[in-house]
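Read-outs throughout are calculated quantities, based only on the coordinates presented, and are distinct from any laboratory measurement. What you are looking at is a predicted structure, and each value in this text was computed from that prediction instead of being measured. Here the Cβ positions follow ideal geometry from the backbone for every residue, glycine too, while neighbour counts run over all protein chains shown.
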């Protein structure tokens, strides 16, 4: 969402980055609610989140409105912490970190082929006891 353009003509004077991200987030939520359509947005993790073994919704770059306004958040992390894949395959964890209207905490594992940035669609559920 940090890359969505927000020209000054829409909001008057140039905005601080946090305010710009807040307005973009609110605008996307407004589109979804007004037209009854799903909106998918990609969000970047902040510097501290990138240092962690696992990035969570709390680690998103920008104001807290980003994590509050979304109805659902899917997170993608390496299964065994951060690594530099190169061209090898790696197991990636897809987790539901927030789901306003349904279950959350579900996790699946998919194999990612780094050289092609492609996922094997045959994933498996991750046991909560890991």
Next item on the list: Rank-order 51-61, 116-126 by packing density, defined as the average count of other C-beta atoms within 10 Å over each peptide's residues, highest first.
Entry: 51-61, 116-126
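Could you work out Rg/(2.2 N^0.38 Å) for segment 1-70, with Rg from alpha carbons only? It would help to have the intermediate numbers written out before the result.
Numbers: Rg = 13.1 Å, N = 70, 2.2 N^0.38 = 11.1 Å.
Computed over Cα atoms of segment 1-70, the ratio equals 1.19.
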Check: Between residue 90 and residue 113, what is the label-to-label distance in nm when each label sits 7 Å out along the Cα-to-Cβ direction?
Finding: 1.7
Checklist line | Entry for Cα Rg over 2.2 N^0.38 Å (calculated from the structure that is shown) out of (i) 1.83; (ii) 1.13; (iii) 1.20 | finding: (iii)
Notebook entry, point to check: Given the rule -39500 (n - 2.57) for each run of at least 4 DSSP H residues, summed and divided by the residues of the chain, what is its mean residue ellipticity at 222 nm, to the nearest 500 deg cm²/dmol?
Noted result: -7000 deg cm²/dmol
Check: Label points 7 Å out from Cα along the Cβ direction at residue 42 and residue 65: separation in nm?
Finding: 2.3
Check: Mind checking which of 44, 13, 26 has the largest fluctuation in a GNM of the chain, springs on alpha carbons under 10 Å?
Finding: 13
Check: Who wins for biggest fluctuation among 27, 49, 18 in a Gaussian network model of the chain, springs between alpha carbons below 10 Å?
Finding: 27
